[in-house]
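Beneath this line is the structure, given in structure tokens, with notes to follow.
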Amino acid sequence: AAKAAGKDQAAVFDVAMRQEQADRIRLLERLRAAVDADEFAVHYQPIVRLDDAHPVAVEALVRWLPPGRSPVGPDLFIPAAEDSGLIVALGEWVLRRACADAAEWHRRWGTTVTVNVSPRQLVDPHFTVKALAALRASGLPAAALTLEITEGVLVRSGAHAAQALLHLSALRAEGVRVAIDDFGTGYSSLAYLRDLPIDVLKIDRSFMPADDADTQQAVLVRAIVDLATGLGLTIVAEGVETADQAGLLRALGCQRAQGYHFARPVPAAAAGDLLALAGNVQIEPVGAEQHGD
Ligand code: C2E
Ligand code: MG
Ligand code: MG
Ligand code: MG
């Protein structure tokens, strides 16, 4: 009886696997068509200075907007786009779009932009040329662009990591900055913080302390902040959802933060409005003459 039950389970599993595979293929077909039909948009989420909540940068986050359906988030389609290689074309489109949108924001308010880059894009021998072309076409200075990569990309040994390193070093030589995204979740090595071409660490949101009593998380965050600061890296805390978390991060010496507490990702036009509002707040310059009334 046990054997029969095992067989049944195997059959159920097999059906589920086939279903999953069919779903993946259908998703991939729809994604291909969506790339051809321009059904994507880039939304932007502010990254703020913790001192005064001023938005100093925005992160570009891709959205799929199938006509007549609700928007689809990247967690649902980026994995399929990566497996299939479609991410190379999609990622290049996001980069060009983000540079174009950010060029005006940078000109007016000094805002910089960060763009997620998938491992597949960094294996493309033309990535450096494509990124520089996106900058040139938009007029955005190289120093106003940060590329976000995950830890795995550079730590992996072999030809792929070597190719990725070449791209990042070449782009950094032009002024582009490099951020490690979701820091702390991968196979981190302290040596790479010292040796690799990086400028920014984004602490993964799984490290966010739940509240003031969450001392273990706070100890980890403090250690990461101290380490990165000592190495001259900029720290961004991800997933900040409450005022208490923002206050705690500030106390721990963290410079920048991103999260729903400050702002959600919004379409380009709304991001422009938000930056304009922040940019128009006049801050009294230090040492300026005081006018009485
Ligand atoms: P990520 O790069 O770590 O981006 C941050 C994600 O956290 C975004 O999800 C953002 O909406 C979400 N988030 C921001 N603040 C909060 C918060 O306070 N609480 C919570 N719970 N979440 C918050 P999103 O937009 O769904 O993107 C998910 C992931 O998809 C990104 O994670 C990134 O890895 C990937 N992704 C997004 N756009 C692109 C892209 O253009 N290219 C590539 N290769 N990957 C992308
Ligand atoms: Mg990111
Ligand atoms: Mg992240
Ligand atoms: Mg993530």
Item to check | All positions within segment 122-133 that are surrounded by fewer than 22 Cβ atoms within 10 Å (Cβ to Cβ) and either part of a strand (DSSP E or B) or touching a residue at least 40 places away in the same chain (Cβ under 8 Å) (or both) | outcome: 123, 128, 132
Checklist outcome for this item: Filtering segment 69-93 down to residues that are free of Cβ contacts under 8 Å to residues at least 40 places away in the same chain, in a loop (DSSP other than H, G, I, E, B) and closer than 20 Å to residue 164 by Cβ yields 85
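Under 29 Å from residue 33 (Cβ atoms) and either touching a residue at least 24 places away in the same chain (Cβ under 8 Å) or not in a loop (DSSP other than H, G, I, E, B) (or both): which single residue out of 96, 108, 136 fits that description? Break it down stepwise before answering.
On the way: 108 fails: under 29 Å from residue 33 (Cβ atoms); 136 fails: under 29 Å from residue 33 (Cβ atoms).
Step by step, each of 96, 108, 136 is checked, and only 96 is under 29 Å from residue 33 (Cβ atoms) and either touching a residue at least 24 places away in the same chain (Cβ under 8 Å) or not in a loop (DSSP other than H, G, I, E, B) (or both).
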Checklist outcome for this item: Selection from segment 107-121 of residues surrounded by fewer than 18 Cβ atoms within 10 Å (Cβ to Cβ) and under 20 Å from residue 137 (Cβ atoms) yields 107, 108
Next on the checklist: Tally up the residues in segment 9-68 that are within 23 Å of the chain's Cα centre (by Cα), part of a helix (DSSP H, G or I) and free of Cβ contacts under 8 Å to residues at least 40 places away in the same chain, please.
Outcome noted: 1
Next on the checklist: Restricting to segment 139-165, name every residue that is in contact (Cβ under 8 Å) with a residue 12 or more places away in the chain and either closer than 14 Å to residue 124 by Cα or of a type in the set (Gly, Ala, Ser) (or both).
Outcome noted: 139, 142, 143, 144, 152, 153, 160, 163, 164, 165
Checklist entry - Is segment 180-189 home to any residue that is within 16 Å of ligand 1 (Cβ to nearest atom), in contact with a helix residue (DSSP H, G or I) (Cβ under 8 Å, 6 or more places away or on another chain) and on the phi > 0 side of the Ramachandran plot? => result yes
Next on the checklist: So, restricting to helices (runs of 4 or more DSSP H) that lie completely within segment 172-259, which ones have at least 3 residues that are within 16 Å of ligand 3 (Cβ to nearest atom) and surrounded by 16 or more Cβ atoms within 10 Å (Cβ to Cβ)?
Outcome noted: 215-230
Checklist entry - If a residue has to be within 16 Å of ligand 4 (Cβ to nearest atom) and surrounded by fewer than 16 Cβ atoms within 10 Å (Cβ to Cβ) to count, how many in segment 75-106 make the cut? => result 3
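No lab work stands behind these numbers, since they all come straight from the coordinates. It should be emphasised that the depicted structure is a prediction, and the values quoted were computed from it without experimental measurement. Cβ sites come from the backbone with ideal geometry, for glycine too, and all protein chains shown count toward neighbours.
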